Every structure is written in C-alpha cells, then in structure tokens.
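The values are calculated or read from the model by the stated rules, or taken from the named source; none is laboratory data. Keep in mind the model is a prediction, meaning the values are calculated, not measured. Here Cβ is always computed from backbone atoms with ideal geometry, including for glycine, and neighbour counts include all displayed protein chains.
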Amino acid sequence: MFKLRIKELAVARGWTLKEVSERSELPYSTVATYANSPGMTMVNLTSVLKLAHIFGVSIEDLVEVLEEE
C-alpha cells in the first residue's frame, strides 16, 4: 500500500486542496480522495503524473510506500 504526499506538499507551498485541483486540472473529488486516503493500492497514473508535475517533484517523492502489517 502507499499514500500520496499531497497534503504535505500543498501545505509547504501554502496551497489548499482546491488550488491543487485547479493547478493540476484534476477534479477536486479525485485530489481530496487521494489526499485523505490513509493507504491505497491503485491510482490513476496520469493523475499522479499531473500532481508530481505541479509540485515539481518526482513520482518517487510524491508516493510514500507504507509497510504492510
């Protein structure tokens, strides 16, 4: 499982999730779901690429791999 570091990266830039949505041109519902999920197994790769691009980070920096228990 993994999570996307959307909230952490947005806070560091002073952005709201709405601003992340607008900048990435992704639906707010998608951004909010990804940002608030404690752990996911699947995401849309195009969405992840858009998010990494607006934050100016690599996919590796956006994705946090969670240890499975």
Quiz item: Yes or no: residue 60 out of contact with any Leu (no Cβ under 9 Å at 6 or more places or on another chain), in a helix (DSSP H, G or I), farther than 15 Å from residue 8 by Cβ and of a type in the set (Asp, Glu)?
Solution: no
Restricting attention to region 44-59, the residues that are surrounded by 13 or more Cβ atoms within 10 Å (Cβ to Cβ) and either over 12 Å from the mean Cα position of the chain (by Cα) or not hydrophobic (A, V, I, L, M, F, W, C) (or both) number exactly 3
Reported set for region 33-49 where residues are out of contact with any Lys or Arg (no Cβ under 8 Å at 6 or more places or on another chain) and not in a helix (DSSP H, G or I) is 41, 42, 43, 44
Query raised in the report: Does region 12-32 contain any residue that is in contact with a Leu (Cβ under 8 Å, 6 or more places away or on another chain), touching a residue at least 60 places away in the same chain (Cβ under 8 Å) and not in a helix (DSSP H, G or I)?
Result: no
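Yes or no, residue by residue, for (1) among the basic types (Lys, Arg); (2) surrounded by 11 or more Cβ atoms within 10 Å (Cβ to Cβ); (3) at pLDDT 95 or above; (4) within 10 Å of the chain's Cα centre (by Cα):
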{"site": "13", "(1), (2), (3), (4)": "yes, yes, yes, no"}
{"site": "17", "(1), (2), (3), (4)": "no, yes, yes, yes"}
{"site": "23", "(1), (2), (3), (4)": "yes, yes, yes, no"}
{"site": "29", "(1), (2), (3), (4)": "no, no, yes, no"}
{"site": "32", "(1), (2), (3), (4)": "no, yes, yes, yes"}
{"site": "42", "(1), (2), (3), (4)": "no, no, no, no"}
Residues of region 18-37 being touching a helix residue (DSSP H, G or I) at 6+ places or on another chain (Cβ under 8 Å) and of a type in the set (D, E, K, R), in sequence order, are 18, 19, 23, 25
